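The values are calculated or read from the model by the stated rules, or taken from the named source; none is laboratory data. Quick caveat: nothing in here was measured; it's all calculated off a predicted structure. All Cβ positions, even for glycine, are placed from backbone atoms using ideal geometry, and neighbour counts span all protein chains on display.
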């Protein structure tokens with residue numbers, strides 16, 4: 001079954017944990033970060049359904065997810081420190097806490113590094129305004145009473161609900177490069193599968209637990225089983241030829257922008273990434289796990305490949 005994600009897109013009203021909001025363009029992209037629950041679960045190929053207080057905005061398929069790093073300012077109640085605060089437009093003081101009911105003009109602030117995510121889903125976009133109400137969208141979620149901004153659902157249930165609307169015959173996404181019909185059916189495609197990848201990942205999780213080898217404790221859903229060599233070239237899973245790496249770090253490692261310096265055994269981050277606090281704090285730090293001699297050898301080869 002295909003996973004669908006019901007995600008809230010409220011424009012300027014969109015808030016999470018008292019922050020400054022997100023830059024969304026529903027027909028093209030949707031943004032979130034690592035402070036949002038389920039942040040690491042969305043994947044390329046998943047269906048994404050955007051909705052607001054009125055109802056469904058549209059449906060598409062995630063083509064890509066861009067990741068990055070940023071500093072995020074969070075706002076909270078100065079009395080109870082909870083982030084359940086709302087700005088009052090016509091009353092003073094300006095803010096009211098939804099937990100302790102305290103009213104105040106200036107919220108407490110905290111700045112923290114976060115991983116940022118942006119989905120790219122413009123190719124298969126299908127406008128859905130007027131098709132399903134907000135109540136109907138909530139009912140399709142796996143947990144209808146959930147208050148999360150990103151909620152899992154079954155694509156099959158969403159598809160059937162859309163096909164039951166009066167406009168069902170018109171539900172064809174625009175653009176000649178998109179799949180000919182988003183609603184129903186499958187496209188057959190040929191992919192090169194990594195045989196044994198699941199077992200490879202399980203062995204690393206058993207060895208290290210939920211731990212990124214470079215940054216430390218990380219939820220399993222955000223960890224990749226990273227090969228320390230080019231698996232695409234060899235097609236083999238070498239013993240002690242891998243480490244668990246956080247998804248964004250894995251991508252940068254594959255590009256050689258994060259590596260282990262052979263002379264010091266410490267993490268080396270390229271100059272252009274040092275402007276991002278999330279990566280700057282890794283630079284010149286020891287790995288978070290004990291490296292075996294075979295892993296050190298692979299990492300030295302990785303350094304020579306990317307750094308000379």
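Checking residue 135 against (1) in contact with a helix residue (DSSP H, G or I) (Cβ under 7 Å, 6 or more places away or on another chain); (2) not in a loop (DSSP other than H, G, I, E, B), which test does it fail?
Unmet condition: (1).
From the list 83, 70, exactly one residue is in a loop (DSSP other than H, G, I, E, B), touching a strand residue (DSSP E or B) at 6+ places or on another chain (Cβ under 8 Å) and in contact (Cβ under 8 Å) with a residue 12 or more places away in the chain. Which is it?
Working: 70 fails: in a loop (DSSP other than H, G, I, E, B).
Of 83, 70, the one residue that is in a loop (DSSP other than H, G, I, E, B), touching a strand residue (DSSP E or B) at 6+ places or on another chain (Cβ under 8 Å) and in contact (Cβ under 8 Å) with a residue 12 or more places away in the chain is 83.
Consider residue 124 carefully, then state whether it is over 17 Å from residue 30 (Cα atoms) and at pLDDT below 85. Before you say what the answer is, go through the steps one by one.
Numbers: over 17 Å from residue 30 (Cα atoms): no; at pLDDT below 85: yes.
Spelling it out, it is not the case that residue 124 is over 17 Å from residue 30 (Cα atoms) and at pLDDT below 85.
Any residue at all in region 267-274 that's modelled with pLDDT of 90 or more and part of a loop (DSSP other than H, G, I, E, B)? Please lay out each step first, then the result.
Taking region 267-274 and keeping what is modelled with pLDDT of 90 or more, we get 267-274.
Filter again for part of a loop (DSSP other than H, G, I, E, B), leaving 270, 274.
Within region 267-274, one or more residues are modelled with pLDDT of 90 or more and part of a loop (DSSP other than H, G, I, E, B).
Listed here are the residues, each with its yes/no results for (1) in contact (Cβ under 8 Å) with a residue 60 or more places away in the chain; (2) assigned to a strand (DSSP E or B); (3) crowded, with 16+ Cβ neighbours inside 10 Å; (4) in the same structural domain as residue 216 (by TED's automatic domain parsing).
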site	(1), (2), (3), (4)
249	no, no, yes, yes
256	no, no, no, yes
259	no, yes, yes, yes
262	no, no, yes, yes
265	no, no, no, yes
279	yes, no, yes, yes
284	no, no, no, yes
